[in-house]
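To start, the structure under review is shown below, and the notes come after it.
The values are calculated or read from the model by the stated rules, or taken from the named source; none is laboratory data. The structure displayed is predicted, hence computed values, not measured ones. Positions of Cβ are generated from backbone atoms using ideal geometry, with glycine treated the same way; all protein chains shown enter the neighbour counts. To get the accessible areas, we keep the full protein, side chains included, count just its heavy atoms, and leave off ligands, DNA and RNA. Shrake-Rupley method; radii C 1.70, N 1.55, O 1.52, S 1.80 Å.
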Amino acid sequence: MPDPQPPDSLSAYLAPEGFVADLQHELGGDALETHDRLVLARTANPRPVWVANTWHAPQRIEIASIGDAVKKLRAIQRNWALYSYAEHRRAALIAEQLPKVSAKPLSFGAPAPSAPLGSWTLLDKTTLLAAPRCSSPFPNGEVHFIEDRTTPPSRAYLKLWELFTLLGEHPKPGEFCLDLGASPGGWSWVLAGLGARVHSVDKAPLDPAIAAHPNIETLRESAFGLDPAKVGPVDWLFSDIVCYPARLYTLVEKWRATGNVRRFACTLKFQGPTDFDTMRKFAAIPDSRLLHLHANKHELTWIKLR
Ligand SMILES: C[S@@+](CC[C@H](N)C(=O)[O-])C[C@H]1O[C@@H](n2cnc3c(N)ncnc32)[C@H](O)[C@@H]1O
């Protein structure tokens, strides 16, 4: 996921729906202007986490007409995604004359689009804000899949589909995965479907149809009581446990200390206000990153891939 951030530049950060205040809190004095979910700011280092899409080096462009807007955007590059928060009608008329960007939902396993996708908005009738380079290959960071509404027992599987698509990487056949907080089994279903060997750990039962998968072994116990020494080497440790992020941090540190886990992907679930202190502790773990997936609610996904 390349996400370059030249120093001393401006960025426009699009907050996930419902999380503008969290983004503003992270940016503090670097935030300059807020336009609905879009916060124009001095480029922040470390990069903010409550972001659906980062617009790198956005430009203000004066436009005389709809045709002029189209001409000026096309002169910069081909593909543009509209973020519309005002002047909807005028923005839609501009968007109609720009090349169509596929809005088709993705089939899981297909790669994320690779063509550069810029973002633009109308700040007012005569001013565009436009950025040809953005962090997400998806319009406004929204990843939509052709969903499986029958097999997985929960919609949590969409988090893993999105994560693996963004990473361009996922567990390989035969790799060993621990799925902590696995019930009812959406994540285990994804992992076993990829051919990985899965130990699904939860106090609650897995959906019987998922538990019957030959690649899945279920452990009906607390993930916090699991002894890493008894588990041995782990290729991927997943956690979607409902618990306070501080408790998850202790769990992650316990497993990291063994040196026996190659990769982590864990959901931080905030109950009540966002726990920024713990969030920063996760973000500070070397070679790791925190991100907000489109499929995340009041949650973040922490990953460490080496
Ligand atoms: C959001 S659900 C997980 C959904 C799952 N990833 C899926 O795809 O179906 C959270 C799970 O955390 C489990 N949980 C809570 N405390 C736990 C603990 N101490 N050990 C293991 N699982 C726990 C709950 O029982 C619940 O099933």
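Residues that are basic (Lys, Arg) and in contact with a Lys or Arg (Cβ under 9 Å, 6 or more places away or on another chain) were ranked within region 257-303; the one that is nearest to Leu166 (Cα to Cα) is Arg289. Please go through region 228-243 and pick out each residue that is under 21 Å from Ala204 (Cβ atoms), open to solvent by 20 Å² or more (accessible area, probe 1.4 Å) and more than 9 Å from the ligand (Cβ to nearest atom). Val231, the sole residue that qualifies.
Within region 69-80, residues that are assigned by TED's automatic domain parsing to the domain that holds Leu93 sit with their Cβ atoms under 7 Å from residues that are assigned to a helix (DSSP H, G or I) and at pLDDT 95 or above, at 6+ positions apart or across chains, in these pairs: Ala69/Ile94; Val70/Ile94; Trp80/Leu73.
Scanning region 109-155 for residues that are surrounded by fewer than 20 Cβ atoms within 10 Å (Cβ to Cβ) and closer than 30 Å to Ser183 by Cα yields a count of 16.
Just for region 13-30: of the residues that are hydrophobic (A, V, I, L, M, F, W, C) and touching an Asp or Glu at 6+ places or on another chain (Cβ under 9 Å), which one is surrounded by the fewest Cβ atoms within 10 Å (Cβ to Cβ)? Step by step, filter region 13-30, then rank; the result is Val20. Here Glu162 passes the criteria (1) part of a helix (DSSP H, G or I); (2) closer than 21 Å to Leu248 by Cβ; (3) open to solvent by 10 Å² or more (accessible area, probe 1.4 Å) except the one numbered (3).
One residue alone among Leu166, Leu178 is within 12 Å of the ligand (Cβ to nearest atom) and either farther than 28 Å from Phe138 by Cβ or within 20 Å of the chain's Cα centre (by Cα) (or both), and that residue is Leu178. Starting from region 183-206, take each residue that is free of Cβ contacts under 8 Å to residues at least 24 places away in the same chain and list its partners that are more than 7 Å from the ligand (Cβ to nearest atom) and of a type in the set (Phe, Trp, Tyr), counting only C-beta distances under 6 angstrom and pairs at least six apart or across chains. Close Cβ pairs satisfying both conditions: Arg197/Phe176. Consider region 82-99 and keep the residues that are within 24 Å of Glu17 (Cα to Cα) and in a loop (DSSP other than H, G, I, E, B). The one that is farthest from the chain's Cα centre (by Cα) is Glu87. Please determine, by comparing only the residues of region 181-222 that are charged (D, E, K, R) and open to solvent by 50 Å² or more (accessible area, probe 1.4 Å), which one is nearest to the ligand (Cβ to nearest atom). If we take residues in region 181-222 being charged (D, E, K, R) and open to solvent by 50 Å² or more (accessible area, probe 1.4 Å), then Lys203 is nearest to the ligand (Cβ to nearest atom). Look at region 30-57: where a residue is in the same structural domain as Pro137 (by TED's automatic domain parsing) and a partner is buried (at least 20 other Cβ atoms within 10 Å of the Cβ) and β-branched (Val, Ile, Thr), sitting 6+ places away or on another chain with Cβ atoms under 6 Å, you get Ala31/Val39.
Within 13 Å of Leu82 (Cα to Cα), touching a Lys or Arg at 6+ places or on another chain (Cβ under 9 Å) and without any contact (Cβ under 8 Å) to a residue 60 or more places away in the chain: does that describe Leu129? Working first, answer last.
Numbers: within 13 Å of Leu82 (Cα to Cα): yes; touching a Lys or Arg at 6+ places or on another chain (Cβ under 9 Å): yes; without any contact (Cβ under 8 Å) to a residue 60 or more places away in the chain: no.
Judged against the criteria, Leu129 is not a match.
Identification of strands (runs of 3 or more DSSP E) wholly contained in region 249-306 with 3 or more residues that are away from the ligand (no atom under 16 Å from the Cβ) yields 261-269, 288-291.
Restricting attention to region 31-81 and to residues that are of a type in the set (A, V, I, L, M) and assigned to a loop (DSSP other than H, G, I, E, B), the residue that is most open to solvent (accessible area, probe 1.4 Å) turns out to be Ala64.
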